[in-house]
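Chemist: Before anything else, here's the structure in question.
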Amino acid sequence: MHNLPLYPQRMVRFTVLASGSKGNSTVVTGGRTRILVDAGLSCRELFRRMRLAGEDPETLDAILITHEHSDHVSGLAVTARKLGIPVYFTEGTHRAWMRWLTPRRQMSYAQWVEQCRRQAAERQAEADAAQCEADPDDAELAPEPVVAEAAEPADEPAAPAKEPTWLPAVEYFQAGQPFTIGDLAINPFTIPHDAADPVGFVFGAEGLRMALATDLGYIPPNVKAQLKGVDLLLLESNHDLEMLRDGPYPWSVKQRVLSRVGHLSNDAAGDFLENEYDGQAAYVILGHLSESNNLPELARVTAERALQAHASLLANRLLLAAQHEPLESIYF
Ligand SMILES: [Zn+2]
Ligand SMILES: [Zn+2]
């Protein structure tokens, strides 16, 4: 077992907890500030992996979300509530996330109270209606609204626990508008992906810049500009084109992955690393590798070949982020 914390408090650090279509999450630390980028694993698994990687979950200051796909948000609500920390979204992503958690068949708390009132009125029992209003926990009068997560901490406030989209605090940011959380500077940028308002990030602390760019169909000029002069680059290398073409996905899904708002192939990542990337990063991490349509060795070889163009002994250490275990912390 680790004795926490393993690291000095003031340090710039980047810990990929998981990367891939079954869940994505990274801890970024700068100075005294520590944030979780995406929460695509269960709260329990996120905490387990953080401890495994020497990160203390209790010291997280905020959660930052790239986009609303379930491999980036599946543990979000439970984790945010458990830690009582704010969640940063774009407004579009927040709305899409709420829609995802509240399909039509589900009722909000307010709708449930309304239905409760109506049914009471239909029975022409004014007194019952008043009782229902006063005591929303009386489940006899109406069905419980469907809640997405079952096991909530017992000390949670009663009313918000019934609302699957309830979060301790929500903050909005906009792509192209830099902001700060504590000691971390955050620069969100738009990425081409089939979500409501997806973003990548460049994080800045103590003069260092760390970029996170996964879930993008291609690398447009605005993203290329953001990835200049970074000290750490987490870049998607999602699929091998041949494996995807011959692989098990239905045709429509293959088309989606290949599209301009899908995922970046090994070849596309390699093309960027060879021809557009400035070769400045100490670490290049390949991420969001498909388990069905890629092999770590294929992704690695393609990137290695591309990075040969940048003859630097100090830079471009190549690492692969994994789905099922955290990557060892990178620190500066
Ligand atoms: Zn994803
Ligand atoms: Zn996605």
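The values are calculated or read from the model by the stated rules, or taken from the named source; none is laboratory data. These numbers were taken from a predicted model, which means no experiment stands behind them. Note that we place each Cβ from the backbone using ideal geometry, even for glycine, and neighbour counts take in every protein chain shown. Ligands, DNA and RNA are excluded from the accessible area calculation, which covers all protein heavy atoms including side chains. Shrake-Rupley method; radii C 1.70, N 1.55, O 1.52, S 1.80 Å.
Chemist: When the residues of segment 210-236 are filtered to those that are more than 19 Å from the chain's Cα centre (by Cα) and among the charged types (D, E, K, R), which remaining residue is nearest to ligand 1 (Cβ to nearest atom)?
Modeler: So, considering only residues that are more than 19 Å from the chain's Cα centre (by Cα) and among the charged types (D, E, K, R), the one nearest to ligand 1 (Cβ to nearest atom) is Lys224.
Chemist: Kindly check whether there is at least one residue in segment 91-104 that is within 19 Å of Asp183 (Cβ to Cβ) and among the charged types (D, E, K, R).
Modeler: Scanning segment 91-104 turns up no residue that is within 19 Å of Asp183 (Cβ to Cβ) and among the charged types (D, E, K, R).
Chemist: Keeping to segment 186-231, report how many residues are of a type in the set (A, V, I, L, M) and more than 14 Å from Val37 (Cβ to Cβ).
Modeler: Total meeting the criteria: 9.
Chemist: Within segment 270-303, can you find the residues that are more than 16 Å from ligand 2 (Cβ to nearest atom), touching a Ser or Thr at 6+ places or on another chain (Cβ under 9 Å) and open to solvent by less than 40 Å² (accessible area, probe 1.4 Å)?
Modeler: Gly270, Leu273, Gly279, Ile285, Leu286, Ala299, Thr302, Ala303
Chemist: Continuing with this model, one more query. Restricting to segment 189-244, what's the tally of residues that are more than 13 Å from ligand 2 (Cβ to nearest atom), open to solvent by 30 Å² or more (accessible area, probe 1.4 Å) and of a type in the set (Gly, Ala, Ser)?
Modeler: Matching residues across segment 189-244 total 3.
Matching residues to (1) within 14 Å of ligand 2 (Cβ to nearest atom); (2) in contact with a strand residue (DSSP E or B) (Cβ under 7 Å, 6 or more places away or on another chain); (3) in contact (Cβ under 8 Å) with a residue 40 or more places away in the chain; (4) of a type in the set (S, T, N, Q):
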{"residue": "Val12", "(1), (2), (3), (4)": "no, yes, yes, no"}
{"residue": "Ser19", "(1), (2), (3), (4)": "yes, yes, yes, yes"}
{"residue": "Arg32", "(1), (2), (3), (4)": "no, no, yes, no"}
{"residue": "Arg48", "(1), (2), (3), (4)": "no, no, no, no"}
{"residue": "Thr59", "(1), (2), (3), (4)": "no, yes, yes, yes"}
{"residue": "Leu64", "(1), (2), (3), (4)": "no, yes, yes, no"}
{"residue": "Val78", "(1), (2), (3), (4)": "no, no, yes, no"}
{"residue": "Arg99", "(1), (2), (3), (4)": "no, no, no, no"}
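Chemist: Would you say Ser329 is more than 20 Å from Arg13 (Cα to Cα), of a type in the set (S, T, N, Q) and open to solvent by less than 50 Å² (accessible area, probe 1.4 Å)? If you could, list the steps in order and put the result at the bottom.
Modeler: Numbers: more than 20 Å from Arg13 (Cα to Cα): no; of a type in the set (S, T, N, Q): yes; open to solvent by less than 50 Å² (accessible area, probe 1.4 Å): yes.
Against the criterion (more than 20 Å from Arg13 (Cα to Cα), of a type in the set (S, T, N, Q) and open to solvent by less than 50 Å² (accessible area, probe 1.4 Å)), Ser329 does not qualify.
Chemist: Asp183 - would you say it is at pLDDT 95 or above, away from ligand 2 (no atom under 16 Å from the Cβ) and open to solvent by 50 Å² or more (accessible area, probe 1.4 Å)?
Modeler: Working: at pLDDT 95 or above: yes; away from ligand 2 (no atom under 16 Å from the Cβ): yes; open to solvent by 50 Å² or more (accessible area, probe 1.4 Å): yes.
For Asp183, the condition - at pLDDT 95 or above, away from ligand 2 (no atom under 16 Å from the Cβ) and open to solvent by 50 Å² or more (accessible area, probe 1.4 Å) - is met.
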